[in-house]
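Have a look at the structure below, then the notes.
No lab work stands behind these numbers, since they all come straight from the coordinates. Owing to the predicted nature of the structure, the values given are computational and were not obtained by experimental measurement. No Cβ is skipped: glycine too gets one built from the backbone with ideal geometry, and neighbour counts run over all protein chains shown.
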Amino acid sequence: MRKHLVINGVDFEVGNFEEQLVKNEESNEDLKEISFTFFIVGESENNLYQAFFNASQYEVVIPETNEMFKAHKESLSYSYNATSISTDTRVDFRIVLKQESEIEPEGPLSDTNKLLASVAKEAIEAKMKLKALMEILEERELITQEQIQQRLKENFEEDFKKFQEELFIGITD
């Protein structure tokens, strides 16, 4: 039985359509997994569909049931009965697409969050070093707490803008 699918806006008439629910181990949600076959003829069509199914994400519409979901490719295989693909070679494709989870995984940090984590780490380390240095200078009676506060205030006013520009060089360009 043939089934109609729309994947990333492209109409497909597919065969051997199967769908099942699979449990996402990370989020514990049920996700749809579909598998299907279709065939094309010729080398240029083969190259076109292999490139099409090289995307990282797909928007799948099943018109019969009015379902729509985002998916990624679980597997793709193709076969043909020839020594090489020519203009009249039939190529059979088998695709498995799995629905994307709508629950954000607690996985790797985004680039922005990595930057923020790095800046926070640097700030904490700088504060710890400054505190240790201030304690040593006070213990040796080389400087008072008031002198430290006065110098920090002066340096802040003079150097804040300069240090800010150095820190973000290349980021705001």
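A few notes on this one:
- Taking the chain and dividing mean pair separation by its residue count, relative contact order in percent (alpha carbons under 8 Å, at least six apart): 18
- Over the chain: helical MRE at 222 nm, DSSP H runs n ≥ 4 each giving -39500 (n - 2.57), nearest 500: -12500 deg cm²/dmol
- Projecting the Cα atoms of 46, 71, 119 onto the charge dipole of the chain, computed from C-beta unit charges around the Cα centre, puts 46 farthest toward the positive end.
- Summing charges over all other residues whose Cβ lies under 14 Å from the Cβ of residue 122, with Lys and Arg as +1 and Asp and Glu as -1, gives +2.
- Treating r as the C-beta distance of residue 102 and residue 51 and R0 as 25 Å, the FRET efficiency rounds to 0.35.
- With Cα atoms defining each centre, region 137-157 and region 1-34 are spaced 67 Å apart in the structure.
- Angle between the chain longest axis and helix 145-167 axis [Cα atoms, degrees, rounded to 10]: 30
- Longest exposed-site-free window of the chain, the sites being trypsin sites (Lys or Arg not before Pro) in a DSSP loop that have at most 14 other C-beta atoms within 10 Å: 3-139
- Region 3-99 - Rg (one decimal) and Dmax (whole number), Cα, Å: 14.4, 46
- Annotation for region 45-90: GluC sites (Glu not before Pro) lying in DSSP loop with at most 12 further Cβ atoms inside 10 Å of their Cβ are 64.
- Crossing angle, helix 111-139 versus the chain [Cα axis fit, 0-90 degrees, rounded to tens]: 20
- Computed magnitude of the charge dipole of the chain (debye, nearest 20; Cβ of K, R +1, Cβ of D, E -1): 280
- Length added when fully stretched, residue 137-residue 150, from 0.36 nm per residue minus Cα-Cα: 3.2 nm
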